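Trainee: Structure provided below as structure tokens; questions to follow.
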Amino acid sequence: MIHLLDIDSLTANDVSRILNLADDPSPFPVLAGRGAALLFEKPSARTRSALEMAVVQLGGHPIYISASEVGLDERESVEDVTRVLAGYNAVIGARVFDHRILERMVAVSGVPVVNLLSDRAHPTQALADLLTMRAEFGQLEGLTLGYVGDANNVARSLALAAGLSGVAVRVASPRGYGFSESDLRDLRRHGCEPVQVTNPREAVGGADVVYTDAWTSMGQETQAEQRRRDFAGFTVNRALMSDAADSAVFMHCLPAHRGEEVEAAVIDGPRSRVWPQAANRMHAARALLMWLSSHDEDARSQP
Ligand code: CP
Ligand code: NVA
């Protein structure tokens, strides 16, 4: 059974196969007659819609469940909810505050569990990001990504995915907001050697892709004021973009906060690829579900 809690469950070959599946113009309806449970503890515009549409495109039925409705660990334990959902669905996707909830799901689930964003990782976003970069530059190998901002869930999965795909990663964060030593060890173990700096210009200089995310992630709202102060000088603005390669593009997982992590003139400007990037969430999700389903078939055909 393959689960996707982060990109480190995948090999470079897996990632490349998933990206290629995203281009399949007429995917086989591998989820025909099957359900996909999509459980959310936090809000979502892109991930929920992308996953729901991907499931529909594969002939399946998406079931959106808000965590408050099932009352995770209140009305019923995480384990019991997971066992029940696995009885109706070919896959369980979950967006949770605490990554350990996903690990508890994996421990009892009879179907693949996919992380739809936790405090640690956002793997379905990273796959869409690679797809967007590949569409822009034709290939991933040899590109340089400059990430400016919080070394958070999005940055961690993106760095793993980039590392597996031959993309060099440079991360600029204020002191205290970079990757931890244990993150760096994990990343290195999976082939990513990020250059970590505290000067955004060092991360962005000559880069092909400039990427940022919110300074305050969901669940950190009480830190917002402090973070605004700590991230001063880390806005991706036109001056910073001018340090990147001439052909560089700007990416952001969204939702964006114009005037904080990105200047409006950049995200709404000619180098921004945030809308195709958001649309690619659906294509990447569909590809991932196709790939998971091919593994499921393999598992079921074993004697
Ligand atoms: N990028 C992303 O995951 O967006 P949502 O939070 O709207 O799903
Ligand atoms: N880092 C952000 C990403 C949202 C898609 C968060 O966790 O809120």
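The values are calculated or read from the model by the stated rules, or taken from the named source; none is laboratory data. Please read all numbers here as calculations on a predicted model, not as lab measurements. In this analysis, Cβ positions are derived from the backbone assuming ideal geometry, glycine residues included, and neighbour counts consider all displayed protein chains. The accessibility values were calculated without ligands, DNA or RNA, using every heavy atom of the protein model including side chains. Shrake-Rupley method; radii C 1.70, N 1.55, O 1.52, S 1.80 Å.
Trainee: Pull up all non-local amide H partners of GLY93: gap of 5 or more, or a different chain, and H-to-H distance under 5 Å with H placed in the peptide plane.
Mentor: The list, which skips near neighbours in sequence, is ALA37, LEU38, LEU39, VAL114.
Trainee: Under 1.5 on a/c is rounded, so check that first for the range 28-78, then, if it is not, pick prolate when a/b is larger than b/c and oblate when it is not; a ≥ b ≥ c are the square roots of the alpha carbon gyration tensor eigenvalues.
Mentor: The shape class here is oblate.
Trainee: May I ask you to list the trypsin sites (Lys or Arg not before Pro) in the range 170-245 that are in a DSSP loop and have at most 13 other Cβ atoms within 10 Å of their Cβ?
Mentor: ARG175
Trainee: Towards the positive end of the charge dipole of the chain, with charges on Cβ (+1 Lys, Arg; -1 Asp, Glu), say which of LEU38, GLY146, ALA159 has the farthest Cα.
Mentor: GLY146
Trainee: Moving on to the next point. What fraction of the Cα pairs in the chain, stated in percent, has a spacing above 37 angstrom?
Mentor: The share of Cα pairs beyond 37 Å in the chain comes to 13 percent.
Trainee: Could you go through the range 197-212 in sequence order and give the Karplus-derived ³J(HN,Hα) for each residue, using 6.51 cos²θ - 1.76 cosθ + 1.60 with θ = phi - 60°, rounded to whole Hz, and x for Gly and Pro?
Mentor: 9, 10, 10, x, 5, 5, 6, 8, x, x, 5, 8, 10, 10, 10, 9
Trainee: Tell me the relative contact order for the range 100-166 as a rounded percent, counting alpha carbon contacts under 8 Å between residues six or more apart.
Mentor: 35
Trainee: Suppose only helical runs count, i.e. DSSP H with n ≥ 4. What mean residue ellipticity at 222 nm does that imply for the chain under -39500 (n - 2.57) per run, divided by all residues and rounded to the nearest 500 deg cm²/dmol?
Mentor: After summing the helix terms and dividing by residue count, I get -12500 deg cm²/dmol.
Trainee: Given labels modelled 7 Å from the Cα in the Cβ direction, how far is it in nm from ALA107 to ILE63?
Mentor: 2.4
Trainee: Hey, can you list the DSSP H helices of the chain whose Cα span along the axis is 20 Å or longer and whose average Kyte-Doolittle score is at least -0.5?
Mentor: 123-137, 274-301
Trainee: A further question follows. Of the heavy-atom accessible surface of the range 195-303 (probe 1.4 angstrom), what whole percent is carbon and sulfur?
Mentor: With neighbouring chains kept in place, the figure for the range 195-303 is 52 percent.
Trainee: GluC sites (Glu not before Pro) within the range 55-135: which are DSSP loop residues with at most 10 other Cβ atoms inside 10 Å?
Mentor: Within the range 55-135, the qualifying GluC sites (Glu not before Pro) (loop, at most 10 other Cβ atoms within 10 Å) are GLU74.
Trainee: Distance between Cα centroids, the range 81-122 to the range 233-273: provide it in whole Å.
Mentor: Value for the Cα centre distance between the two parts: 33 Å.
Trainee: Whose amide H sits under 5 Å from the amide H of ARG120, counting only residues 5 or more places off or on another chain, with H placed in the peptide plane?
Mentor: Result for ARG120 returns HIS99.
Trainee: Hand me the trypsin sites (Lys or Arg not before Pro) from the range 44-127 located in a DSSP loop with no more than 11 other Cβ atoms within 10 Å, in residue order please.
Mentor: Filter output for the range 44-127: ARG75.
Trainee: Separate question: Taking a ≥ b ≥ c as the square roots of the Cα gyration tensor eigenvalues, with a/c under 1.5 meaning rounded and otherwise prolate when a/b beats b/c, else oblate, which class fits the range 224-280?
Mentor: oblate
Trainee: Could you list which residues have their amide H under 5 Å from that of GLN196, counting only those 5 or more apart in sequence or on another chain, with H placed in the peptide plane?
Mentor: Those qualifying (amide H under 5 Å, at least 5 residues apart or on another chain) are VAL171.
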